[in-house]
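One structure is given below, encoded as structure tokens.
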Amino acid sequence: MTAKQGGDWRALYQSRVTTAEEAIKAIESGNRVFLTGNASVPLQLLDALVKSAPELRNVEICHPLVICPADYVAPEMEGHLRVNSMFISANVRKAVNEGRADFTPVMLSEFPLLFKNGILPLDVALIHVSPPDEEGYCSMGAESGLTISAAEVAKIVIAQVNQQMPRTLGDTRMHISRMHHIVPLDTPISEHAMGAEADNAIVEGIAGHIAGLIPDGATMQLGIGGIPDAVLKYLYGKKDLGVHSELISDGVIDLVEAGVLNGSRKSIHKGKIVCGFLLGTKRLYEWVNNNPLVELHRTEYVNDPFVVAQNERMVAINSAIEVDLTGQVCADSIGPKFHSAVGGQLDFIYGASRSKGGVPIIALPSTSQLRDGTVVSKIVPMLKPGAGVVTSRNHVHFVVTEHGVAELYGRSVRQRTQALINIAHPDFRAEITEKAKELHYI
């Protein structure tokens, strides 16, 4: 331990305390800036950056999924701030599709490596951390997996130190001596309730089918959205479940308290819930605070398919926008219009497929409603022109809708076509069948 990491860290801390407005002055025109994402967006720092934007030119902001206002990507920011998103959030989607912001496709397991390996060198990192412990170490809190590697290699680190940020355990610590500017505050962490995202009857139907695929002793990955979170309510009859996931939300708490989720049969990190970030409500943030059951690790580790595969009975649950009759999964675009990103889907689908007894699942409602009220099938003969294939037909195993389960692995295109028609909405089955015949699939 260095002198700065010893007893005099408090003096060092105080010497680096400043306001958000003063701290942001460290950002210069032409800089590349990393912005901590998900629920940990440092809102005060971002607001200060937006206010100073007229004085800056061509500042690039790199970030994953973020939950925050869109001021920093407004049309008037052109020429001053430009977003380069690796996961398109709702707040930047319009700007990306209008060409005012950029999208860099990358698997979540490789996201931190863009910075760590110098592919996208960072000038500044804006991070959001817990108060320091007795040794002067802050925890990355609700978002560690995607942040810690980026923060370690940035030339300048500006930290929003929040009294309400939970102290998460695992690979989450950074010493205050690494933080060049410190902005203390006491404000609630952004909340995002997973279960509020979709039609309950449809989601519940899908969740019930998925639960039937999950064996006792399974280790689970729960992707973003209402479906993975809803599945948890159907697992109270299971035994000895575990979690190894890029994120967790509130739904895990009740399963832990019921004794169902104990991690006792996990192959690695036995007895621990392992994830990269948290996305939930205040209840979750308070529950994980100093909780030794939960460990956050770097996403390049958590999402590495070859780490994932070490968990026996690995169950991966991910969603999709549409699936074609050969099993191609589109999950990041609507035709040529970018919508989100690959996220951790392929990391975990492939990892689960390599796991002994693994269960890789793609789940989606059988239909969606367009803005004009038209209902369309999400099981389609062919993906829309320009649609991105996130999970290839070679990687897909199970596809689940509210109408059932289609097992595709090891099945011919003819067999896949029939299985997928069987889980399409009944109103569209005849139409899809006719198109399948035209394509000579059946």
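No value in this document is a laboratory result; all are computed from the given coordinates. Source: prediction; values computed, not measured. Cβ coordinates were reconstructed from backbone atoms using ideal geometry, including for glycine residues, and neighbour counts include every protein chain displayed.
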Given the rule -39500 (n - 2.57) for each run of at least 4 DSSP H residues, summed and divided by the residues of the chain, what is its mean residue ellipticity at 222 nm, to the nearest 500 deg cm²/dmol?
-> -7000 deg cm²/dmol
What label, among [x] 71, 55, 48; [y] 72, 50, 35; [z] 70, 36, 36, belongs to Cα extents along the principal axes in Å computed from the structure on display?
-> [y]
In this structure, among LYS282/LYS337; LYS337/LYS435; LYS272/LYS378; LYS337/LYS437, pairs with alpha-carbon gaps over 26 Å are LYS282/LYS337; LYS272/LYS378; LYS337/LYS437
Karplus (6.51, -1.76, 1.60) ³J(HN,Hα), θ = phi - 60°, over region 236-241, in Hz, Gly and Pro reported as x | 5, x, 8, 10, 6, 7
By the scheme Lys and Arg +1, Asp and Glu -1, what is the net charge of all other residues having a beta-carbon under 10 Å from that of ILE321?
-> 0
Give me the percent of Cα-Cα pairs in region 27-94 that sit more than 13 Å apart, rounded to a whole number.
-> 59 percent
Using all Cα-Cα distances in region 19-140, what percent lands in each 5 angstrom bin from 0 up to the longest?
-> 2, 11, 21, 24, 22, 13, 5, 2, 1, 0
Theoretical FRET efficiency, 1/(1+(r/R0)^6), r = Cβ-Cβ of GLU21 and LEU439, R0 51 Å, to 0.05 = 0.25
Sorted by chain and then number, the residues having a modelled amide H within less than 5 Å of the amide H of PHE103, at least 5 places away or on another chain, are SER85
Net dipole in debye of the chain [+1 Lys, Arg Cβ; -1 Asp, Glu Cβ; about Cα centre; nearest 20] | 980 debye
Expressed as an acute angle from 0 to 90° and rounded to the nearest 10, what is the orientation of the C-alpha long axis of helix 413-423 relative to the principal long axis of the chain?
-> 80 degrees
Please work out whether region 280-329 counts as rounded, prolate or oblate from its C-alpha gyration tensor, where a ≥ b ≥ c are the square roots of the eigenvalues and a/c under 1.5 means rounded, while otherwise a/b larger than b/c means prolate and anything else oblate?
-> oblate
Any idea what Rg and Dmax come out to for region 304-422 if you just take the C-alpha atoms, in Å?
-> 14.1, 46
What is the sum of charges around VAL302, taking Lys and Arg as +1, Asp and Glu as -1, for the other residues whose C-beta is under 12 Å from the C-beta of VAL302?
-> -4
Could you tally the net charge around LYS384, taking each other residue with its Cβ under 15 Å from the Cβ of LYS384, Lys/Arg +1 and Asp/Glu -1?
-> 0
Radius of gyration, Dmax [region 358-442; alpha carbons; angstrom] | 12.8, 40
Average Cα contact separation per residue, region 175-285, under 8 Å, 6 or more apart, as relative contact order % = 27 percent
Longest principal axis of the chain (C-alpha) makes with the long axis of helix 200-211 (C-alpha) an angle, in degrees to the nearest 10, of 80 degrees
Taking Cα atoms only, Rg over Rh for region 295-356 with Rh from the Kirkwood formula is 1.04
Other-chain or far-sequence residues with amide H under 5 Å of ILE61's (modelled H) | VAL33, ARG82, VAL83, ASN84
Can you grab the distance from the C-alpha centre of region 58-107 to the C-alpha centre of region 111-154, Å, no decimals?
-> 20 Å
Between region 396-442 and region 255-319, the alpha-carbon center distance in angstrom = 33 Å
Could you give the angle, 0 to 90 degrees to the nearest 10, between helix 43-52's Cα long axis and the longest principal axis of the Cα atoms of the chain?
-> 70 degrees
Amide H contacts of ILE156 (H built 1.01 Å from N, under 5 Å, at least 5 apart or other chain) | VAL124, ALA125
When N counts the residues of region 152-217, how does its alpha-carbon radius of gyration compare numerically with 2.2 N^0.38 Å, as a ratio?
-> 1.85
What Rg and what Dmax come out for region 262-308 when only alpha-carbon atoms are used, in angstroms?
-> 11.6, 33
Under the definition of Cα pairs under 8 Å and six or more residues apart, what whole-number percent is the relative contact order of the chain?
-> 13 percent
